[in-house]
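As structure tokens, the structure follows; a few thoughts come after it.
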Amino acid sequence: MGDMLPVAMLLIAALGLGSIMRPAWALSAGICVYAFEQWAQVNTTFFAQNSTYLNLFSGTIVLAAVLSSFIIHGRNPLRDLPPLVWMLSILYIFTGLTCIWSIDSNISWFFYKMYLPYNLSYVFLMPLILTRTKDAQQALLRLLIVGSIVSILVLSQTQIHEWGRTIKVGGGGVQSQWGQEVHRLNPLAVASMGGHVLIAALMLNFKGVARFWQIVRWGVAFVCLAVILRSGSRGQLFAIVVSVVVFIWISRSGSKTNLRMLLMGTVGLLLFFAVASLSFGYFADAGRWNLDLIGKDYSETRVEMSKKVLMYWVSSSPVHWLLGLGSSASFDHRVAGFYPHVVPVEILGELGVVGFVLFVSINVMAWRSLYRMFVLTGDSPEERGVVACMAALLLFELLLLFKQGSFLDHH
């Protein structure tokens, strides 16, 4: 296959133009960029050596969408910004302040500055795009479109490395953000995108022209599931199943005629998981899904690393109990030498009681907002589907906080 740079640039340009005309398109840029980046690194020479340009394009698309909201569409997103966003901003600002009293300021400032452009885009700019329920509905529909395309590209035009799970890069490899040459790419980024798109496909309700998705959703969901199984990302699959099972009733229940919708949705879901089970052996490395192995892996990595962080934090001074050891202090060899992969533990140790209280408050506010939205949806299946989808996505992300990533890179 030849170099796919023209295709990659065409997709980026289309998403950029779409985000200017309809800012809701920009959500897809944020959610799909890391999976798209892996496809582009494998299939284009330019992005194999210059992957940071994709992150730059993604940030530019989000910024263009925000400016379009102000200038072209005449909105003032700042006026309608909920307290939740301000609280989240305070948490990230406090995270930066902890670099001052960190046990290793060099490490803290290094990671804070490295992830600052990403967090400016996702934490400060992205919420300005979605200020109304209608915005969220449009954004999730567009996520289905973009996510479907990216998932098909990843599944059809990448190969799994001999090591397993990871996407294989041929030739001279690609340049990582650390300037290192790598020949296999992070499977979790692809699996997370697949999870977001799969949840949107299963939870949303459609009307009018969009009813097209009522049938197509099952094909999209299957492709996304195949992407997740192929990546060997056990946590993502577990989080998806829990999130969908917990919130599918909100999407399908409600008004008089929705008993039929609930029944059809349940039957469709059962058929989907039946087909998924039959295809498991084709896409997944069955050895990784052994329950004993899963428990052993989690205990030897997440649990042990978390213990190290908490033990160091507890044995430090009362000032550190309150204000934390400092952002990214877990990387210090005296603490754990790396991040613990359990974000709540990381926040408690690095940001102290203050940061942890902010973190818990943000989650309480988020769930309270979703409950209020649910109460206001009435008999509208489309609005209920949006609320159910957002609740499932939030639960999905919260579950992933206990198995992967660090606070700063968990956008």
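What follows is calculated from the coordinates using simple rules that are stated; it is not laboratory data. Please read all numbers here as calculations on a predicted model, not as lab measurements. Quick reminder, even Gly has a Cβ in these numbers, built from the backbone with ideal geometry, and neighbours come from all protein chains shown.
So how long is each side of the range 68-144 along the principal axes, counting just the alpha-carbon atoms, biggest first, in Å?
46, 27, 21
In the range 1-95, if every C-alpha pair distance is counted and binned at 10 Å from zero, what percent goes to each bin?
15, 36, 30, 15, 3
Can you list the residues, at least 5 places off or on another chain, whose amide H is less than 5 Å from the amide H of Ile167, using H built in the peptide plane?
The answer is His161, Leu185.
So if I take the centroid of the Cα atoms in the range 9-45 and the same for the range 108-137, what is the distance between those two points in Å?
Using only Cα atoms, the two centres lie 16 Å from each other.
For the range 289-411, what does the equivalent ellipsoid look like in terms of its semi-axes, each the square root of 5 times an eigenvalue of the Cα gyration tensor, given largest first in whole Å? Display every interim value, and only then the final one.
On the way: eigenvalues 214, 78, 18 Å².
Semi-axes, largest first: 33, 20, 9 Å.
Gain in length, Leu5 to Asp379, computed as 0.36 nm per residue apart minus the alpha-carbon separation, to one decimal in nm? Walk me through the intermediate numbers first.
Numbers: separation 374, 0.36 × 374 = 134.64 nm, distance 4.63 nm.
That pair, Leu5 and Asp379, stretches by 130.0 nm at full extension.
Dipole of the range 10-145 (Lys/Arg Cβ +1, Asp/Glu Cβ -1, origin at the Cα centre): which of Val66, Gln49, Tyr115 lies farthest to the positive side?
Val66
Given a cut-off of 26 Å, name the pairs among Lys134/Lys403; Lys168/Lys403; Lys168/Lys307 whose C-alpha atoms lie farther apart than that in the structure shown.
Cα-Cα > 26 Å for Lys134/Lys403; Lys168/Lys307; rest within.
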